[in-house]
Amino acid sequence: MANRLASETSPYLRQHLDDPVHWHAWGKEALDKALAEDKPIFLSIGYSACHWCHVMAHECFQDQEIADALNQYFISIKVDREERPDVDEVYMAAVQMATGHGGWPISVFLTPSKAPFYAGTYFPKEARGDYPGFRTVVSSLGQSWESQKEQVRKTAEKFGEALRSAFSKPAGRLAQAMEYTQLDACVSQLHDSFDFEHGGYGDRPKFPPHTTIQFLIEYAAQRHVFGGDASTIDDLSGRAGHMALFTLEKIALGGIHDHVGGGFHRYSVDENWGLPHFEKMLTDNALLLHQFAAAEKSTGDERLASLFHRTIDGTMRWIEGSMTSPEGLFYSSVDADSDGGEGLFYTWTADEIADVLGERAATFCDAYDVSAEGNFDDEATREPSGRNVLRLGQDQGDAFADDLRKLAEARSSRPEPGVDDKCLAGWNGMMIGAAAVTGRLELAERAATAWLDLIQSGRLPRQFCKGKPSGLGFLDDYASMANGLLDLHDATGNERWQSAASELVDEMCALFRDEDRGGFFLTSNEHEELFGRMRPVTDGSTPSASAEAGRVLWRLGRSDETRELLSACAGWMQRLPTATTSLQSLALDYMLEHRDGVAVSGSAPPSIDVRIEPAEIEADEQGWGHAEVVIDLPDGWHINTDDPPANWLTPTSLHVEGVLGEASFPDGENDQLKGQVRIALRLRTTSPKADFEVQLRFQPCTDSECLEPMERVLSGVLKKP
């Protein structure tokens, strides 16, 4: 039967049309129904190319028994994360709070007022390993709502309060300037964690480090401008250039690259880019095109330049042939699965290659790591599949170009993976820019013209699908589209594109700017608000929307607004440099013109009195004594609790030396301690008299900024009777 998703345009939502679950789309109808019937909500968030979303759908949402339980106890809502990144961001934060990790599909159970009370990602039908069975989860939570409703509501209230607190935190402004030495420190940190054998960062799974590569290329080319010790500059610049080019080379040679059809898969399930997770995303390919184009220009190695050029050509052929709509817009993604299996479209047996290439097969198989046993294990079961991912150990130039064309022709007869044919504004902006910088100007101009024709009353739609635009764009849509238009202007000299970008940025500032704290929100003042408005600062699979907004402001010559954004994000940048490399790139550009660094406005450090009461402590016969560390904070200032929710906030902590000691910290309100703060101490000594020290660390903050942490050392005496 068709459920309430029949009128939706999202390919992901339409994949669930025939589920026995009574799905709703996120919106007024479903949310009002939950309130009217006092029923909790089951929220499932995913996207069309998500392999584990398909697995859970098959195991759970197409199962009649589970569907009956969901229909009995819950109002079930499906969300395409690419349509509603605001909903995805909020409930992904809930999943991370609950489990310590994230991922898709998101599976969250909410009260009728949208507050989460249970959160996770993928669930199998029956319990498996560390995964509880979804059938049991649904029944248990449904019965809990009916029999223990008030207890469930209290859990949800705490969850909701934690989300509101996290989203209301300032973006980490610091009262000090950012200088080029910060960029040097970022490169050093990246060098310390670099994989010198395979390129990139981390073990497995391994994702292309898009914003990091871009930052390293720009740093390597421009660091010398700031001056300093010549050997240090050469060393850091050389390290940066090597990390970027080596990583791109390994990605281009690896199995994450579709050597037959062009383009790149989402990530590698191993550490050496050899075994891909097979979905293909428009964003990954757009960003890699930017990086390969920059690397081709910056490298002095002819072989590498040729490899990067061929990689760009193959990727753009795939974009033009498989990812471009009749209107000239760009589709979002391609599934990992086809014909009921993961990667079947892309992998080969040795016999299949022999059938196509004949006497050339042995040489080809040797170069591309193909064996009779297969080099590809199924991602879910880890069992050998007998199939092979094509991957190179070293660059072969054009030696196998004809063989790859023959394999592409043979592959075209296979059942193809599904394509998510919705066209997202921000993602299209990235690809318009990629097409422009790689010289595909007709393709870029056609897409840019089509998007500008969709703008009405200055409003950029979030997406175009099934012949119609829908939704209001988010910050990343406005910023990325404007940057793409500026790339097109730079490539063509046509003032139309710069003028259109400027108009979009004016609208972006009106809709998304944080007037109180500086910077921008992800959502506009016209979007639905869920537990507060997020400030997107750290990078993910794409550059942070704040960095994209700052980039387009800078490119349009709006220097003061760029400085204001960098100032608002400075705390994040200084505490999490490798997670904010797109903002580091922006700071690099700003500092090239403003050699005095980025002045960060902020308050002077407050005067804070800290003491131990009493300083001389009388212990009991067993040697135990009690005291308090007292911190007197001036009006308008607070410090964090010992476990604040945001990882860039410094927790209040203390360490006792000289005696045994333990502390009991107050809870605070919204993770903040104000006024006179008292931390209880319980101390013990075995000596008649013991001198001790308390090393205290805390971070003074106002509602709009946080300063560098302060440290105080306090002395005391513990005496036995």
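The values are calculated or read from the model by the stated rules, or taken from the named source; none is laboratory data. Predicted model, so just to flag it, every value in this text is computed and none were measured. Positions of Cβ are backbone-derived with ideal geometry, glycine not excepted, and every protein chain shown enters the neighbour counts. Just so you know, the surface numbers come from the protein's heavy atoms only, side chains and all, with ligands and any DNA or RNA stripped out. Shrake-Rupley method; radii C 1.70, N 1.55, O 1.52, S 1.80 Å.
Here the chain is assigned +1 on the Cβ of each Lys and Arg and -1 on the Cβ of each Asp and Glu. Its dipole about the Cα centre then comes out at about 940 debye.
Taken over the Cα atoms of the stretch 604-708, the convex hull encloses 104 Å³ per residue.
For the stretch 72-130, the spread of Cα coordinates along the three principal axes comes to 32, 29, 19 Å, biggest extent given first.
Database note for the chain: Cys without another Cys beta carbon under 4.7 angstrom, C60, C186, C365, C423, C465, C509, C569. All C-alpha pair distances within the stretch 260-329, sorted into 10 Å bins from zero, spread as 19, 45, 31, 5 percent across the bins. Restricting attention to the chain, close to 85% of DSSP beta bridges with both partner residues there are antiparallel. In the chain, helices alone account for a calculated mean residue ellipticity at 222 nm of -13000 deg cm²/dmol, with every DSSP H run of four or more residues adding -39,500 (n - 2.57). Dipole magnitude for the stretch 259-304: computed about the Cα centre from +1 point charges on Lys and Arg Cβ and -1 point charges on Asp and Glu Cβ, it is near 140 debye. Taking the Cα centre of the stretch 350-484 as origin and assigning +1 to Lys and Arg Cβ atoms and -1 to Asp and Glu Cβ atoms, the resulting dipole is close to 960 debye.
Scaled against the 2.2 N^0.38 Å expected of a compact globular protein of N residues, the Cα radius of gyration of the stretch 319-454 reads 1.28. For the listed residue pairs K114/K466; K78/K158; K250/K406; K280/K466; K280/K406; K28/K78, the alpha carbons are over 18 angstrom apart in K114/K466; K78/K158; K250/K406; K280/K466; K280/K406. Compare the Cα positions of T324, H259, M534 along the charge dipole of the chain (+1 at Cβ of Lys, Arg; -1 at Cβ of Asp, Glu; about the Cα centre) and return the one farthest towards the positive end. It is M534. For the peptides 616-626, 313-323, residues were scored by their other Cβ atoms within 10 Å and the scores averaged per peptide; the highest-first order is 313-323, 616-626.
When the convex hull of its Cα atoms is viewed from all sides, the stretch 204-360 shows a mean projected area of 12.0 nm². Show log10 I(q)/I(0) for the stretch 516-621 at q = 0.10, 0.16, 0.18, 0.23 Å⁻¹, two decimals, from a solvent-free Debye sum over equal Cα scatterers. Normalising to I(0) and taking log10 leaves -0.41, -0.75, -0.90, -1.28. Check every DSSP H run in the chain and write down those whose alpha carbon atoms cover 27 angstrom or more along the long axis and whose mean Kyte-Doolittle hydropathy is -0.5 or greater. Length and hydropathy pass: 230-253, 302-322.
On the basis of the beta-carbon distance and an R0 of 35 Å, S413 and V55 show a calculated FRET efficiency of 0.85.
Structural descriptor for the stretch 571-721: relative contact order 26 percent, calculated from alpha carbon pairs under 8 angstrom and at least 6 residues apart. In the stretch 435-556, the alpha-carbon atoms span a convex hull of 123 Å³ per residue. Placing unit charges on each Cβ (+1 for Lys and Arg, -1 for Asp and Glu) gives the chain a dipole about its Cα centre, and among V610, A361, G343 the Cα reaching farthest toward its positive end belongs to V610.
Rolling a 1.4 Å probe over the protein heavy atoms of the stretch 233-288, with every protein chain left in place, gives an accessible area that is 45 percent carbon and sulfur. Under 18 Å from a label point set 7 Å out along the Cα-to-Cβ vector of W624, the amide N atoms of the stretch 648-682 belong to 659-665, 680-682.
Near F194, no amide H atom lies under 5 Å from its own; only residues 5 or more places off or on other chains count, and H is placed 1.01 Å from N. Relative to the current alpha-carbon distance between E711 and A98, full extension at 0.36 nm per residue lengthens the span by 217.5 nm. Averaging 1/r across all pairs of distinct Cα atoms in the stretch 28-154 and inverting the result yields a Kirkwood radius of 14.7 Å.
In this structure, R496 and S306 have a Cβ-Cβ separation that, at R0 = 35 Å, corresponds to a calculated FRET efficiency of about 0.50. Descending by average beta-carbon neighbour count within 10 Å, the peptides 389-397, 105-113 line up as 105-113, 389-397, the highest first. I need the calculated FRET efficiency for the pair L452 and R317, taking r as the beta carbon distance and R₀ as 30 Å, to the nearest 0.05. Once the sixth-power term is evaluated, E becomes 0.70. Would the stretch 186-248 count as rounded, prolate or oblate if I go by the C-alpha gyration tensor, calling it rounded below 1.5 in a/c and otherwise prolate when a/b exceeds b/c, oblate otherwise? Note, shape of the stretch 186-248 comes out prolate.
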